[in-house]
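The values are calculated or read from the model by the stated rules, or taken from the named source; none is laboratory data. All values reported here derive from a predicted model rather than from experimental measurement. Here the Cβ is made from the backbone with ideal geometry for all residues, glycine too, and neighbour counts use every protein chain on show.
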Amino acid sequence: MESAKITRLLQAQAEGDQDAYDSLIPLVYEKLRRIAHKRMLGERDDHTLNTTDVVHEAYLKLIEFDRINWQNRSHFYALASKVMRNILVDYAMKKKTEKRGGKYNRVTLQEADAAVEVDLDQLLSIHDALGRLSEFDERRAKVVEYRYFGGLNMEEIGKVLGISTRTVHRDMNIASAWLNRELTS
């Protein structure tokens, strides 16, 4: 099974096997591209980042984490989703500072939004709202982050966080309701 192979390679890499990471990349590259592609859909035509840029930037950052005790492939994708989120947020913030003024657009977030496009203003609004949510409910913020930015399914999120899929669904519903209220007020 591919997921077991990915987990073995991650663990071997964490134990110092330099070749393991090189063997891992072809196995995870397409999923990383799909995650990045979802985040890049609907961006402006003049957007200077593309899917490949985001994946390669994420790869460069992920190889810096050479001694992580990887639990499984879901753990890897969860960290990859955080890295991609940071890349896109950093890019959006840089672009915002290049423009003078400008306010964030308010958006709503629903579970279905995990697979649709966002623009830079939406990304920053969601990032800010997730930061506020994580101040008092870190787990629910992670559920949204892993789903929205990482493209993980509910079962994968449960494995990463060590909770049941049912709890993930409940957390997602509660977090979505809070974020919708926060983003539309």
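Observations
- Scanning the range 23-45 for residues that are charged (D, E, K, R) and modelled with pLDDT under 75 gives K38, R39, E43, R44, D45.
- When residues in the range 77-104 are screened for being modelled with pLDDT under 75 and in a helix (DSSP H, G or I), 4 of them pass.
- Unmet criterion (only one of (1) modelled with pLDDT of 85 or more; (2) closer than 22 Å to R33 by Cα; (3) touching a Leu at 6+ places or on another chain (Cβ under 9 Å)) for M154: (3)
- Scanning the range 129-184 for residues that are in a loop (DSSP other than H, G, I, E, B) and in contact (Cβ under 8 Å) with a residue 24 or more places away in the chain yields a count of 6.
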